[in-house]
Amino acid sequence: MGDVSAASASTGELKDPRTIARKYQLDLCKRAVEENIIVYLGTGCGKTHIAVLLIYELGHLIRKPSRDVCIFLAPTVPLVRQQAAVIANSTNFKVQSYYGNGKSSRDHEDWEKEMGENEVRFARHSSCRSVTVTF
């Protein structure tokens, strides 16, 4: 398990990822807020920043004390770490990463505590197979 929340929560400045977004990223984010879409762009074209923008725009739904969270899945541990760091550095959300080197079995109290502390959670998609979350 990796924790990148310190990077996002330690600075007092309010981060607004819209200030560095390109127009097409803002347009795609707006569409994603309105409907489910799949963004297909080449490497280095800004897909991660579109995700940052979307999380930022939907922030009112996940900002604590809300019990809702944003879950971001990635296929590899390096991508989990990379995406979590980008979100933590680009927003003020409390971010937590989950992947294979943490303790594998957690009790209900552990999950409840982490649900209350973190707003954006990153995991390798296979890490979620054995997780059942009850709301």
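See the values below:
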{"item": "At 1.567 mPa s and 4 °C, Stokes diffusion of region 21-61 via Kirkwood alpha-carbon radius, µm² per second", "result": "125"}
{"item": "Peptides 15-27, 85-97 ordered by average Cβ neighbours within 10 Å, highest first", "result": "85-97, 15-27"}
{"item": "Label point distance in nm, residue 112-residue 26, each placed 7 Å from Cα along Cα→Cβ", "result": "4.4"}
{"item": "Placed amide H near residue 70: partners under 5 Å, 5+ positions off or other chain", "result": "120, 121"}
{"item": "Label-point separation in nm, residue 77 to residue 89, each point 7 Å along Cα→Cβ", "result": "2.1"}
{"item": "Rounded percent of accessible protein surface that carbon and sulfur make up, region 36-106, 1.4 Å probe", "result": "58"}
{"item": "Computed lengthening from residue 57 to residue 19, 0.36 nm per intervening residue step minus Cα-Cα distance", "result": "12.4 nm"}
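The values are calculated or read from the model by the stated rules, or taken from the named source; none is laboratory data. This structure is a prediction, so every number in the text was calculated from the model and none was measured. No Cβ is skipped: glycine too gets one built from the backbone with ideal geometry, and neighbour counts run over all protein chains shown. Heavy atoms of the whole protein, side chains included, go into the accessibility calculation; ligands, DNA and RNA do not. Shrake-Rupley method; radii C 1.70, N 1.55, O 1.52, S 1.80 Å.
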